[in-house]
1. List the residues, sorted by chain then number, that are 5 or more residues from residue 317 or on another chain and whose placed amide H is less than 5 Å from its amide H.
2. Report the charge-dipole magnitude of the chain in Debye, nearest 20, computed about the Cα centre from +1 at each Lys and Arg Cβ and -1 at each Asp and Glu Cβ.
3. Check the straight Cα-Cα distances from residue 280 and name the lysines below 24 Å, setting aside those fewer than 8 residues away within the same chain.
4. Select from the chain the helices, each a whole stretch of DSSP H, whose alpha-carbon atoms run 24 Å or more along the helix axis and whose Kyte-Doolittle mean is at least -0.5; answer none if there are none.
5. Where does each of 95, 231, 47 land when they are ranked from fewest to most other beta-carbon atoms within 10 angstrom?
6. Taking neighbour counts of Cβ atoms within 10 Å as a proxy for exposure, in what order, fewest first, do 267, 177 appear?
7. Take the alpha carbon atoms of the range 84-162, find their center, do the same for the range 166-194, and report the distance between the two centers in whole angstrom.
8. Filter the trypsin sites (Lys or Arg not before Pro) in the range 269-348 down to the DSSP loop ones having no more than 14 other Cβ atoms within 10 Å, then list what survives.
Amino acid sequence: MGRTVSAAVTRLRVSVVGGREGVAVAVQPANSVWQDVLSEINHCNKCGFCLPACPTYRLTGNEVDSPRGRIAMVEAVARGEMPIGEALAKSLDYCLGCRACETACPSGVEYIRIYEAGVRALRAVRKPRPMWLAQQMLTLVKHPRRLARMARLAERLKNLPWPTAFRPYRGMLGYRTESVSVPANPPDAAVTVLFFGGCVQSAVFPDANQAAVALLRWAGYQVVTPVGQTCCGALHWHNGEESQALELAKQNIVAFERTPDAWIVNTAGGCGAMLSEYGKIFADDAAWSARAAAFSGRVRDWTTLLRQSPRPLTFRGAGERVTLQNSCHLVNVEKAGADPVWLLQQVTGDDFRPMPGQDRCCGSAGIYNLEHPDWSVAILDRKMEEVEGLEVDRIVAVNPGCQLQMQWGVARHDSRQAVEHLARYLYRAHQRARQAGGDGHG
């Protein structure tokens, strides 16, 4: 198919789940600042391959909740055929940003560029503030120690009466950290990796980070955690606080460029996606573009390096049935979603049962589950139907938001599955292999 542009949409009637409705009429002239966006839109063949990949379209069946519909609306705005108003806002606000449409697209359309242009246009004419709880999260993630204290406090108070608005989220609580013994760096390590801890991962799931460091060291890597690192900025970037996101990104670039020839690894798919795109978000900044591109070029998921390790590890299960909720950003942005799957397949004695939609978004999507809980829960409930059909004992995740979301799903459905990060699961499996004899290497 050739790269063509369909006739721009000049009038759209929006009718979606929950009674969202509005009319957009062509009234606004095109602006030259939209030319780059129109160039990207020109790559879209309107084929519809993205529709079945989109969680919100699968939920509603409505075109304006699909990537193709959202692109059409941004195109209409860019051509001056539709105002920047409520119809565009309602469509874009409910996008998860999972970018599954980019993976599905045969023409390689960078949907995120089009989506972000529409969001910026909206924010130029309206200044929405996230709901109170979401705003608190945006503040707390910049202070992981404070976030950790708040998480512990919420855990202690979970059985007391909560405000109605917060009550549904109690299902995300209940996580118990495990003791992890982290070995020293191997004296003969030939490869050094720099560990990015992440804000939520460090605060809420510190044992997952510890387990990943332990496994990487056993696998022959020297693992160093640079001082001065901070939140990756993803939540801020995706929620309109771009200046804050850029400041956080600069802090990380400075912290990690002190060791310029080492890989940068992390255990959170959402963080990894943001880190890997610093080069793109600073592309027009003469002072930072080269430094950001060098940083992003070194970013890898920890599972990628574990899979490629100089000293392959062995893993022994406990006779469990296990499934994976993959990270959509690890799959669609970092293109490394196959690595967690491969590692799970190496665990002898456990029955790995792939979830039919393991690569589809679980509905967490940063703070989407706080801002749009109705849609998030609808997506999660479908995910839990898949889980229950597999009859598994354990759900493993590779992103903290996904882990919290799946914990919520288990609580909502009164299910029995344990939920944990892949690193912690593999840590125990490797310990069993070591205890069974040998040094735990393949």
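Quick note: the coordinates plus some simple rules give every number you see, no bench work behind them. What you see is a predicted model, and the numbers here were worked out from it, not measured in a lab. We place every Cβ from the backbone using ideal geometry, glycine too, and count neighbours over all the protein chains shown.
1. Long-range HN contacts for residue 317: 348, 349, 350.
2. Details: 50 positive and 42 negative charges, 154 e Å.
I would put it at about 740 debye.
3. 142, 250, 335
4. Span-like helices here: 373-390.
5. 47, 95, 231
6. 177, 267
7. 25
8. Passing sites in the range 269-348 are 335.
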